[in-house]
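Each remark here refers to the structure printed beneath this line.
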Amino acid sequence: MAEPLLNTDLSSSKTLNPINAQDSTTELHPTSPNETQVTEANDVVVAGEKRKRDDGDDRSLHPMWKTSLCSFFRRQDKDCSHGDACRYAHTEEELRPRPDNTWDPTSERAKKALKTKAEEKNSVSEDVMVTEALVDDDDDGDSNNALSKCLVHLPKTWCSSKLKSFLNDEGIAFKLAKKKKGMALGFVTFEDEEQMKSASKDLDGKSVGGGEKRIKVADVIPRSFEKRSNKENTLLDGETNDDNSKTRNVRDVVTPLAHLDYADQLEQKKTSLTQMLKKLTRNTRKACPNGIPLPEWILKSREIGGLPCELEGIITSPLVNGYRNKCEFSVGYSLEGKVTVGFMLGNFREGVTAVEEAVDCPNVSAIACKYAAIFQEFLQHSDLPLWNRFKNNGFWRQLTVREGRTNGNAVDAETFDGIAEVMLIVQVSTSGVDDAQVAAEFKRLAEAFVAGATSHSPTLPLTALVVQDHQGISNVAPADAPLHSLQISKADSAPDMEGNNAKDVRIHDYISNLRFSISPTAFFQVNTLAAEKLYSLAGDWAQLGPDTLLFDICCGTGTIGLTLAHRVGMVIGIEMNASAVSDAHRNAEINGIKNCRFICSKAEDVMGSLLTEYLNGTKEEVDDPNITGSNIDVSEGSSCQEPENGESVSLPSHCSENNNADNDVSGAEVPENGEKATHCSENVTAENGKSSSQQFKNVVAIVDPPRAGLHPTVIKALRTHPGLRRLVYISCNPESLVANAIELCTPSPEKIEKGNKGNRGWRNMSSAGLARHRSKSMPISEAFKPVKAMAVDLFPHTPHCELVMLLER
């Protein structure tokens, strides 16, 4: 009878001290010894009476004592009211492991363990993904792959000298040790097999980098980029490759949702977006200043499951397979050691360099796969080497295939109906290669592409062939990387690298019956048909009209602003890529649109002055080209390169001239030299003669930033200008949208907090945490509120999609 009484009282005793029941975890916590009294004579429990503590009564003997962090202490950063008697731990040092050898999930130990476990899970196949040898110039051929091992999970900050020091300190005998800074793996070569086995046994599982990670010893499957004479290139460990390559293939890496029905893909994306949007509500609630009431939309969020606004669903893609109009194929070696043009099987930073063909990727068009195969066949017989990612040298680097559709509904991507133009961009590194050899190789390249296109039935469309010369480590080339156009009209003609200006090379695509000119490096949505739905949705939510001034921020080639230009009074497009702005000017002229102005600059440099110019300026100020921010339009012949040291670039003319005719292969009418590329703001006036700044009663901004989101200066300009009442945010990365929305939607404090310039704590903050931190120093202004959100699936078979959110105030 004693046990039931004791259990009943223990369960009810949890309500006796509610102040100390602040931990959010759901596990059963130990009852404080002063809450019940148990008499030794008959074990009868007397509830409600404090018992005297015996000398032998040790509260720490309870298995759950100090196994959870005190939430009051975490929030207030000071001792809670219970002091030493508190059953919860007040520091990480005081925290004890739980009986099942786990830690409080909110503790730093648990977070580090979870991160380490995730990293180890992602590196299952790393030992078979390294297909290029890490060979130093001073090795003199001493590296023996049969006596080499790959060490995985090394600190990325280590270099070869640090790895050698580590091995010497551990007493490991070795011959060579190589480690590239920024990667998580290194290579060690031994004198003989016995030395290698002994070292592998000692190193495998050894803690490194402060004990957070453990070394994994893997077999080396290298692949030098140099050709080997008189023998076929083979793997060193075919059995290992056969067993492990099945765990990862290019289809799973590039299109991880391809195994699901399309309806199930959409449901999974909606669930993911729902969880991401809830972060906006939680973080904005945390960021609200003390003494300021919570916004109404946060209070109402409980009615819709914690969402900041209604997620109205996902708009499907009209084309599910073969929808990409741009594919970037890497050049490398497959797991079998074959020269391959395709996609990498993982992250290079983790040592994954294997490349596999993209034939099984459903998002890649048939045309793109055909050209990748043609290029792959050409490389088999090329005398110039492939780019080696370890040594950062070589010649052939990447192939990009860009496609342009006709004006009309595209049919099945397996046929070529609907794709009328194709641009091929081959990225190379000509450093250290003889010019004559380069020219001869380019001639052979052009002949190979022309022959491959014409030999196919039906003939593959081929509009332009461009070579990009890039010397950097990554394949992501800067905007000013040299471009050369190769002649493809005649297969027997030598490529003219001097006479053809690659900046004039264009293909064309259609969105909402408008024709868009696309240069080699300009941004254009990869799913054209779904982009039409995306832009139409943005225009509907923006509530446009003849009295609307529309800011198209991060406008690219002007697709959003131009498709909506007929619904507004004027469009101001802002883009930092000069080639894209040049395309935007051409696109406005091609489609006869005259109420657009495109500005080549970083949005953070000009957004504030533009809002002031068009909303607060007088007629004279708008027409004055000396006003800051109004003299930065770019023409076809001008350049707008990214400025050095963060300084802005001021271009000479307010309304630019079009100095180059459009290289239009379809025969459309183009402007003659000297005509205006677009009409500037002084030409846009109301019929009654009032100035442009007085004409626009409704000011709307549509932003479509890159994955990193908007620059803090742009967010500040949008937030602090009272004339901007409506904002449509289009994001390809919902995480950055949430971070930017936190700054836009958090109420202003009564007093602005000045940031500590010497504080480096932001380096370890999440994007949402950093946004909360920035919101504290946001100038006092009226906050936006999220009104509604909608997803548009531009990327079937992948976890990604575009998210559109309407913000108003």
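The values are calculated or read from the model by the stated rules, or taken from the named source; none is laboratory data. Keep in mind it's a predicted model, so treat the numbers as computed, not measured. Neighbour counts are summed over all protein chains in view; Cβ atoms, including those assigned to glycine, are modelled from backbone coordinates with ideal geometry. We work out accessible area using only protein heavy atoms, side chains counted, and drop any ligands, DNA or RNA first. Shrake-Rupley method; radii C 1.70, N 1.55, O 1.52, S 1.80 Å.
Report, by residue number, each residue of region 85-96 that is assigned to a loop (DSSP other than H, G, I, E, B) and under 14 Å from His62 (Cβ atoms).
Passing the criteria: Cys86, Arg87, Tyr88, Arg96.
Considering only residues that are assigned to a loop (DSSP other than H, G, I, E, B) and closer than 18 Å to Leu744 by Cα, which ones fall in region 296-307?
Leu307
Which residues, taken from region 545-562, are in contact with a strand residue (DSSP E or B) (Cβ under 7 Å, 6 or more places away or on another chain) and either part of a loop (DSSP other than H, G, I, E, B) or surrounded by fewer than 24 Cβ atoms within 10 Å (Cβ to Cβ) (or both)?
Gly545, Asp547, Thr548, Cys554, Cys555, Gly556, Thr557, Gly558, listed by residue number.
Only one of (1) surrounded by fewer than 18 Cβ atoms within 10 Å (Cβ to Cβ); (2) closer than 30 Å to Asp509 by Cβ is not met by Met276, so which one is it?
For Met276, the failing item is (2).
If I filter region 529-542 for residues that are surrounded by fewer than 21 Cβ atoms within 10 Å (Cβ to Cβ), part of a loop (DSSP other than H, G, I, E, B) and not polar (S, T, N, Q), do I get at least one hit?
No, region 529-542 has no match at all.
If a residue has to be closer than 22 Å to Lys326 by Cβ, modelled with pLDDT of 90 or more and assigned to a loop (DSSP other than H, G, I, E, B) to count, how many in region 388-430 make the cut?
Selection size over region 388-430: 1.
Of the residues that sit in region 693-727 and are assigned to a helix (DSSP H, G or I) and aliphatic (A, V, I, L, M), which one is nearest to Ala603 (Cα to Cα)?
Within region 693-727, the first condition is being assigned to a helix (DSSP H, G or I), and the residues that meet it are 693-695, 712-720.
Next cut, aliphatic (A, V, I, L, M) only: 714-715, 717-718.
Values: Val714: 6, Ile715: 10, Ala717: 10, Leu718: 11 Å.
By that ranking, first place goes to Val714.
Could you please let me know if Gly346 is surrounded by 22 or more Cβ atoms within 10 Å (Cβ to Cβ), of a type outside the set (Val, Ile, Thr), under 30 Å from Arg389 (Cα atoms) and at pLDDT below 95?
No: the conditions fail for Gly346.
Exactly one of (1) open to solvent by less than 20 Å² (accessible area, probe 1.4 Å); (2) within 30 Å of Ser775 (Cβ to Cβ); (3) at pLDDT below 90; (4) hydroxyl-bearing (Ser, Thr, Tyr) is unmet by Thr720. Its number?
All conditions are met except number (1).
Would it be correct to say that Leu114 is at pLDDT 65 or above, touching a Pro at 6+ places or on another chain (Cβ under 9 Å) and surrounded by fewer than 13 Cβ atoms within 10 Å (Cβ to Cβ)?
Yes.
Would you please list the contacts, defined by Cβ atoms under 7 Å and residues six or more apart or on different chains, that run from a residue in region 571-600 that is open to solvent by 10 Å² or more (accessible area, probe 1.4 Å) to a residue that is of a type in the set (Lys, Arg)?
Met576/Lys602; Ser579/Lys503; Ile590/Arg515; Asn591/Arg515
Select, from Pro293, Pro289, the only residue that is assigned to a loop (DSSP other than H, G, I, E, B) and open to solvent by less than 40 Å² (accessible area, probe 1.4 Å).
Numbers: Pro293 fails: open to solvent by less than 40 Å² (accessible area, probe 1.4 Å).
Of the residues listed, the single one that is assigned to a loop (DSSP other than H, G, I, E, B) and open to solvent by less than 40 Å² (accessible area, probe 1.4 Å) is Pro289.
Do you know which residues across region 787-809 are within 23 Å of the chain's Cα centre (by Cα), open to solvent by 10 Å² or more (accessible area, probe 1.4 Å) and farther than 21 Å from Pro362 by Cα?
Answer for region 787-809, where residues must be within 23 Å of the chain's Cα centre (by Cα), open to solvent by 10 Å² or more (accessible area, probe 1.4 Å) and farther than 21 Å from Pro362 by Cα: just Met790.
Kindly provide the set of residues from region 183-214 that are within 26 Å of Lys115 (Cα to Cα) and either in contact with a Cys (Cβ under 9 Å, 6 or more places away or on another chain) or among the acidic types (Asp, Glu) (or both), ordered by number.
Leu185, Gly186, Phe187, Asp202, Asp204, Glu212
Quickly run through region 706-734 and pick out the residues that are β-branched (Val, Ile, Thr) and more than 22 Å from the chain's Cα centre (by Cα).
Correct list: Thr720 only.
Step by step: first the residues of region 367-387, then only those that are open to solvent by 20 Å² or more (accessible area, probe 1.4 Å) and assigned to a helix (DSSP H, G or I), then the one that is nearest to Tyr323 (Cα to Cα). Which residue is that?
Residues of region 367-387 open to solvent by 20 Å² or more (accessible area, probe 1.4 Å): 369-370, 373-374, 377, 380-381, 383, 385.
Among the residues that remain, those that are also assigned to a helix (DSSP H, G or I) are: 369-370, 373-374, 377.
Details: Cys369: 13, Lys370: 15, Ala373: 19, Ile374: 21, Glu377: 25 Å.
Ranking the qualifying residues of region 367-387, first place goes to Cys369.
Could you pull out the residue among Lys788, Lys751 that is modelled with pLDDT under 90 and farther than 22 Å from His711 by Cβ?
Details: Lys788 fails: modelled with pLDDT under 90.
That would be Lys751, the only listed residue that is modelled with pLDDT under 90 and farther than 22 Å from His711 by Cβ.
Quick check, is Val634 open to solvent by less than 20 Å² (accessible area, probe 1.4 Å) and modelled with pLDDT under 85?
When the stated conditions are applied, Val634 passes them.
Only one of Ala451, Ala436, Ala477, Ala446 is without any contact (Cβ under 8 Å) to a residue 60 or more places away in the chain and outside any helix (DSSP H, G or I). Can you tell me which?
Every option except Ala477 fails the conditions.
Please go through region 296-338 and pick out each residue that is acidic (Asp, Glu) and either crowded, with 16+ Cβ neighbours inside 10 Å or within 24 Å of Val476 (Cα to Cα) (or both).
Glu328, Glu336
Looking at region 763-784, I want the residues that are farther than 21 Å from Pro722 by Cβ and have a partner that is among the acidic types (Asp, Glu) and assigned to a helix (DSSP H, G or I) with Cβ atoms under 7 Å, at least 6 apart or on another chain. Which pairs are those?
That search, which allows pairs on different chains as well, returns Ser767/Glu735; Ala771/Glu743.
Quickly run through region 456-474 and pick out the residues that are open to solvent by less than 60 Å² (accessible area, probe 1.4 Å), of a type in the set (A, V, I, L, M, F, W, C) and more than 20 Å from Asp504 (Cβ to Cβ).
Listed by number, the list holds a single entry, Leu460.
Within region 79-92, can you find the residues that are open to solvent by 80 Å² or more (accessible area, probe 1.4 Å) and within 14 Å of Trp65 (Cα to Cα)?
Scanning region 79-92 gives a single hit, Asp84.
Within region 313-338, track down each residue that is within 13 Å of Lys788 (Cα to Cα) and either assigned to a loop (DSSP other than H, G, I, E, B) or modelled with pLDDT of 95 or more (or both).
The answer is Ile314, and nothing else.
Read through the list (1) at pLDDT 95 or above; (2) within 24 Å of the chain's Cα centre (by Cα), then give the number of the only condition that Ser775 fails.
(1)
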